1. Within the accessible area of the range 18-74, what % is carbon and sulfur when the probe is 1.4 Å and the other protein chains stay in place?
2. Over the range 10-125, what is the relative contact order in percent, taking alpha-carbon pairs closer than 8 angstrom and at least six residues apart?
3. Using the heavy atoms of the protein chains alone and a 1.4 angstrom probe, what is the accessible area of the range 9-70 per residue in square angstrom?
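The values are calculated or read from the model by the stated rules, or taken from the named source; none is laboratory data. Quick caveat: nothing in here was measured; it's all calculated off a predicted structure. Heads up: the accessible areas ignore ligands, DNA and RNA and are worked out on the full protein's heavy atoms, side chains in. Shrake-Rupley method; radii C 1.70, N 1.55, O 1.52, S 1.80 Å.
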Amino acid sequence: KLTGLSGGQDLFVMGHKSKLEQMIGNLVDNAIKFTPSGGSVTVTLCGGTDEVELCVSDTGVGIPPESLPHVFDRYFRSPTATEHSGSGLGLTLVQSIVNYYHGSITCKSVLGRGSSFTVRLRRQA
């Protein structure tokens, strides 16, 4: 269960604990990995009538515009990621978990200024 508060209102998403932890962990780990010392990582959870929105944003290196369409491709590594270890599977895994729950994930990024990944999942009462 992914829970949080939005305007004093409880937010619930039902799912496998390990899958949700892996999804959030990968997004947060990436944000930390690609944000230099002195930068910031922000995690927010909010909800609308039908969905819960999780947003992981950073002030890191960012992703070049030509790489954005490929960030969820298996084994893809952006040119800005070459200094860091990784296999290029983390975001593919995140997307597969989001798809499993019939949700959506988007990425916005500005090179040199950071990235923001937004996951939307169906809300549970």
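1. 53
2. 33
3. Per residue, the range 9-70 has an accessible area of 54 Å².
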